[in-house]
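The values are calculated or read from the model by the stated rules, or taken from the named source; none is laboratory data. For clarity, every value in this text was computed on a predicted model and none was experimentally measured. Neighbour counts run over all protein chains shown; Cβ positions are idealised from the backbone, glycine included. For the accessible areas, the whole protein counts, side chains as well, though only heavy atoms, and no ligand, DNA or RNA atoms are used. Shrake-Rupley method; radii C 1.70, N 1.55, O 1.52, S 1.80 Å.
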Amino acid sequence: MTVPTQMIDGYTAPLHRSLTEPILLAGAPRSVAILNGTIAAALGLGLQLWLAGIVYWLVAHGICVYAAKRDPKFMEVLIRHVRHKGYLGC
């Protein structure tokens, strides 16, 4: 069975690019960027550890941006990985 190579009229629909790409905030997944910002703000404002909050945000956000460049949906994969049970535990 061969796949037809010609387009059939009436069976095409434009697909906007924003529907297929993940939502990123400054290069990191949106939910992770908000979580990192919240933790950094808690360190900086709540505990008054300004330097620790800034350093935490820079390091954590940098790691998330690096991971998102390799795989934009790394958080979904990580969450799925954590939920799986280890069947072959030693």
In segment 58-80, the residues that are open to solvent by 100 Å² or more (accessible area, probe 1.4 Å) and either among the hydrophobic types (A, V, I, L, M, F, W, C) or over 21 Å from residue 23 (Cα atoms) (or both): 58, 63
Out of (1) within 23 Å of residue 24 (Cβ to Cβ); (2) open to solvent by 50 Å² or more (accessible area, probe 1.4 Å); (3) of a type in the set (S, T, N, Q), the odd one out for residue 48 is which? (1)
